[in-house]
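First comes the structure, then the notes that go with it.
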Amino acid sequence: MVGRDPREKGRVASPLELLLDLTFVVAISTSASQLAEMTSAGHVASAIGAFVLASFAICIAWINFSWFGSAFDTDDWLYRILTMVQMMGVVVFALGLPAMYRSVEEGHHLDLRLMVIGYVVMRIAIVFQWWRVARSAPQYRKVAHSHIRWTVFIQVAWVGLSFSGLPTLVMVPLFLMIGVFELLLPMITQGAADGIPWHPHHMAERFSLFAIITLGESVVGTVASSSGLLGGADGLTWTTNTVAVVIAGVGLTFGMWWVYFATPFGEVLQHRKRRGYLFGYGHIPLFIGTAGVGAGLHVAGLYLEHDSALNETTVVLAVAAPVALYVAMVYILHTLLFFSGGTFHAVLLGTTLAILAATVGMAALGAPMSVCLLLIMAAPFVTVVGYETIGHTHQGQMLAKLDEKAE
């Protein structure tokens, strides 16, 4: 385990990485489902807090594995076995999500125990992987030992917190403090994630595949929303709301996919590798927004089935807000990586956010839910139209400038 070539031609995600991602699909789906049900019951603030907590933990675990794999994936029998152990940890973590959501809803104590046990399993595997690096690659021995020490330290802190029995008001700030250490881990151990031989195009592909996984929650949300609206024993009696939910759900998912893949993250990372830290952790709020859209669509379906304590404005906001977060984060990542924004991007983003805000306002004035969902669907296509007309030329000029600086 001496390190992969960061300039390796044709480096793509391995079948093992894709298999591991399936376990994270379960965790994301479980969390989004809990968010939708808890929100529909009227516990909006608590649901959002629990969802952000769960999403942070899911993303950190996935990023840690993916970044290590990009640098040191040997695909030998021991690497595969340890990856299987990590998959078991993700499943245990996912099983602990409902208990955490219930504890947040009750408000007395934050129950992280089963989630943290899952993390312990994952971290045992990753620590052993770093130990293999320390033995096999002298040039990365210092980084590996640093990762082992800090990973064990942070995990002990998580175990102590989760089994402490402290009230929620005390646990939340402690959770935030340990979470900051999680985010700083690459900088503490390897200097902004530049101390290991990770592959820019491989990492860009890994994050794009995870984006597709989280976008899948929008499809799940669409099915969950529309299935309860089907009429007749054979499900062939469709209402206006049913048609609107199907069109809006699929159209919104497709538009969000198009927006993400408008930016060639791999090419940019190749020139701006020092910004890998921003790229990686900048995706956490993006993934939160993506999965939140699926949960929002599920909330809309429950409302249309008259199984919700929310009013229409709040339901529309439950869909529009995560869309706004997602689109905004795509633009922020683009700006941070290119170190260039400009009027063009400001106009596109501003128009998108204006459409979403106007939709919430229309809902408050009594506009039909079907109309509101279709307007939300149209919001990401502002970026699509912008890039398919003049945006690609503008982006090509920025890439050319990066190439000139590299030369």
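The values are calculated or read from the model by the stated rules, or taken from the named source; none is laboratory data. Everything numeric in this text was worked out from a predicted model, so none of it was measured. When we count neighbours, we look across all protein chains shown, and the Cβ atoms used for this are built from the backbone with ideal geometry, even at glycine. Just the protein is used for accessible areas: all its heavy atoms, side chains included, with ligands, DNA and RNA removed. Shrake-Rupley method; radii C 1.70, N 1.55, O 1.52, S 1.80 Å.
Counting only helices (runs of 4 or more DSSP H) wholly contained in the stretch 289-407, the ones carrying 3 or more residues that are in contact (Cβ under 8 Å) with a residue 24 or more places away in the chain and aliphatic (A, V, I, L, M) occupy 312-338, 343-364, 369-378, 392-406.
Residues in the stretch 120-165 that are within 21 Å of Phe93 (Cβ to Cβ) and not in a helix (DSSP H, G or I) were compared, and the one that is most open to solvent (accessible area, probe 1.4 Å) is Phe163.
Scanning the stretch 352-371 for residues that are hydroxyl-bearing (Ser, Thr, Tyr) and modelled with pLDDT under 95 yields a single hit, Ser370. Residues that are closer than 21 Å to Val104 by Cα and open to solvent by less than 10 Å² (accessible area, probe 1.4 Å) within the stretch 16-27 comprise just one, Ala27.
Conditions (1) in contact with a Leu (Cβ under 9 Å, 6 or more places away or on another chain); (2) more than 25 Å from Gly195 (Cβ to Cβ), marked per residue:
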site: Val52; (1), (2): no, yes
site: Cys59; (1), (2): no, no
site: Asn64; (1), (2): yes, no
site: Thr74; (1), (2): no, no
site: Leu82; (1), (2): no, no
site: Leu97; (1), (2): yes, yes
site: His109; (1), (2): yes, yes
site: Arg123; (1), (2): no, no
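Contact map, the stretch 1-30: residues that are touching a residue at least 40 places away in the same chain (Cβ under 8 Å) and under 18 Å from Thr83 (Cβ atoms) paired with residues that are open to solvent by 30 Å² or more (accessible area, probe 1.4 Å) and part of a loop (DSSP other than H, G, I, E, B), Cβ distance under 9 Å, separation 6+ or inter-chain. Pairs shown: Met1/Thr74; Met1/Asp76; Arg4/Thr74; Arg11/Arg4; Arg11/Asp5; Ser14/Asp75; Leu16/Asp75.
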